[in-house]
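Any read-out appearing in this document is the output of simple, stated calculations on the displayed coordinates, not a laboratory observation. These numbers come from a predicted model, not from an experiment. For neighbour counting, all protein chains shown are included, and Cβ atoms are generated from backbone atoms with ideal geometry for every residue, glycine included.
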Amino acid sequence: MSAIPALKRSHVKAAIARIDRDGVPPRRESTKFQLVVDGWNYPPKYVISLAVSHATGRELRPNEFSGGDEANGILLALGFTIAGPGVPACGPTHRASLTSIGPGALVVRGARCSTGPAASPGSPTSS
């Protein structure tokens, strides 16, 4: 059974707004997939963690659920777009907003994607 409760689009949108405001901690960047919203990239697993926080009041830790199929499947089911292996996408720091939070630590805000298709619900690359 998944540790992820039922989420709504509004929970995900609130998570994205928080990332836009506060950024992504360096150890929470995605290594494979990106949630693409309005041309901006976000790490799906971190977005799910924050969305759960908005839904339940408690953020999920990375070891409490898996990224990839689990996180991406939830986002796709809610109508969001995922980019990843085999689907052209921007790297996590391409034209990203970087904010220093201390010596050797940066927060990377969503990276702007300028071109390339991405997986969306019902597309051949979203399965």
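First check a/c for the range 1-91, with a ≥ b ≥ c the square roots of the eigenvalues of its C-alpha gyration tensor; if it is under 1.5, answer rounded, and if not, answer prolate when a/b is larger than b/c or oblate otherwise.
Rounded, since a/c falls under 1.5.
Taking K and R as +1 and D and E as -1, what net charge do the other residues with C-beta under 14 Å from the C-beta of HIS11 add up to? Please list the in-between numbers first.
Working: positive: LYS8, ARG9, LYS13, ARG18, ARG58; negative: GLU59.
Once positives and negatives cancel, what remains is +4.
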